[in-house]
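J.: My structure is below; once you've seen it, I'll send some questions.
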Amino acid sequence: MVLCQGGEGDAAPAASGQEPEVPPGQENGPGAVQPCLPAPGVEAEGAEERRACGCCSGMSWPFCCEAPGTKKKAACPGLGLFYTILSAFLFSVASLFLKKIEDVHSVEVSAFRCVFQMAFVLPGLIYYKTGFLGPKGKRIFLFFRGFLGSTAMVLLYYAYQVMPLADATVITFTSPIFTSLLAWIFLKEKYSLWDLLFTLFAVTGVILIARPPFLFGSRVSGIEGSYSDHLKGTIAAIASTLSAASTIVILRKVGKSVHYFLSIWYYAVIGLIGCVIALFVLNEWRLPHCGRDRVFLILIGLLGLGGQIFLTKALQIEKAGPVSIMKTMDVVFAFILQVLFLNHLPTWWTVGGALCVVASSSGTAIRKWRHSVKKAKQGEI
């Protein structure tokens, strides 16, 4: 007899085409597996392989259910890491297009990005019937998640425009360090000496990239544009990283009680409102004069959205630790694109700072990953 999961949500076939696995301990009770019934009009005798499963949307066996004694097909190894690399590449290309845009303020670019986010998320909200405001007790957290997330985006785009692409990208990789620190302060999570060491490594990397005059002297070489713009971009990148880390802490506080589409919706709506207000205050709202810049704006929205989709898919099928480590490919792609398309060679100071930051973020990711694996094993015991 072919077995099938009870309930509509559990019976749906996986997107990858794999056969669903019967969870242990559900042989009895409300979630018990039920025998597949032939679809109306289909003979059961002599049609074992052609049998349609009524609880699996009419899909023919063996694609709908798992026959007894058969083994589940193994997932494609490394697919999650491939999605992470693809996400990093899309984000890096989007930042390259941002550098290529002329006479468009970073706030306006952020507004276009928010419009693309809203267009993508709105059908999901309607489909999942989540509403547009969320639970009453969580709205204040969602508001600050949207405000801090959109602020991080605007500041990061500004940093991309006024400082070298690789430098701004490297600084953003200090986010896990600040996340651990803020989680220790506000969520009472453990903060060990290793975390402190990684924080010092990250700060050292940022100092090597920023190269403040009181440490490196008044003549600083290898700076793209003026040093004042470089310093402003560094401050904006650090503030963006702090905002992003605060957003992650808020999302941890909210947990799974709010659908992730609703979280992105707040991010897009509050970001768009804030960007429009800022553009009118700054009197910077204007369409690009060049058709190429308009195409770049559209591509930034599409590539940013694609990068988020692939990163989400990677986290769905791979552990967070390996994904965080592989995400350091952002830095590699940023250096390559900066040399190939912007004709800006990084200095040894930048390379040294990048190594410090990447080592710090990778060490943090590995420690979190090992801790989660150890905790999971203890839970099984």
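The values are calculated or read from the model by the stated rules, or taken from the named source; none is laboratory data. What you see is a predicted model; the values in this text were computed from it and never measured. Neighbour counts are summed over all protein chains in view; Cβ atoms, including those assigned to glycine, are modelled from backbone coordinates with ideal geometry. Accessible surface is based on the protein model in full, side chains and every heavy atom, while ligands, DNA and RNA are left aside. Shrake-Rupley method; radii C 1.70, N 1.55, O 1.52, S 1.80 Å.
J.: If only one of 124, 146, 137 is open to solvent by less than 70 Å² (accessible area, probe 1.4 Å), free of Cβ contacts under 8 Å to residues at least 12 places away in the same chain, small (Gly, Ala, Ser) and over 30 Å from residue 344 (Cβ atoms), which one is it?
T.: Matching residue, one of 124, 146, 137: 137.
J.: Tell me, please, whether a residue that is assigned to a loop (DSSP other than H, G, I, E, B), open to solvent by less than 40 Å² (accessible area, probe 1.4 Å) and in contact (Cβ under 8 Å) with a residue 40 or more places away in the chain can be found in region 276-288.
T.: yes
J.: Would you mind stating whether residue 351 is free of Cβ contacts under 8 Å to residues at least 60 places away in the same chain, open to solvent by 20 Å² or more (accessible area, probe 1.4 Å) and within 22 Å of residue 203 (Cα to Cα)?
T.: Yes: the conditions hold for residue 351.
J.: Same structure, new question: Name the residue, out of 64, 55, that is touching a strand residue (DSSP E or B) at 6+ places or on another chain (Cβ under 9 Å), modelled with pLDDT under 85 and open to solvent by less than 20 Å² (accessible area, probe 1.4 Å).
T.: Residue meeting the stated conditions: 64.
J.: Any chance region 156-168 includes a residue that's in contact (Cβ under 8 Å) with a residue 60 or more places away in the chain and β-branched (Val, Ile, Thr)?
T.: The answer is yes; a qualifying residue exists.
J.: Another question, then. Which ones in region 289-315 are more than 30 Å from residue 369 (Cβ to Cβ), open to solvent by less than 40 Å² (accessible area, probe 1.4 Å) and among the small types (Gly, Ala, Ser)? Spell out the reasoning first.
T.: Residues of region 289-315 more than 30 Å from residue 369 (Cβ to Cβ): 289-302.
In the following step, the residues that additionally are open to solvent by less than 40 Å² (accessible area, probe 1.4 Å) were identified as 293, 296-297, 300-301.
Scanning region 289-315 gives a single hit, 301.
J.: Based on what the data block shows, is residue 116 open to solvent by 30 Å² or more (accessible area, probe 1.4 Å), within 30 Å of residue 208 (Cβ to Cβ) and of a type in the set (Phe, Trp, Tyr)?
T.: So residue 116 does not fit the description; no.
J.: Moving on to the next point. Pick from 373, 358: which is touching a Gly at 6+ places or on another chain (Cβ under 9 Å), crowded, with 19+ Cβ neighbours inside 10 Å and assigned to a helix (DSSP H, G or I)? Walk me through how you get there before you give the answer.
T.: On the way: 373 fails: crowded, with 19+ Cβ neighbours inside 10 Å.
After ruling out the rest, the residue left standing is 358.
J.: Moving on. Quick check on residue 212: is it free of Cβ contacts under 8 Å to residues at least 24 places away in the same chain and open to solvent by 30 Å² or more (accessible area, probe 1.4 Å)?
T.: The answer is no for residue 212.
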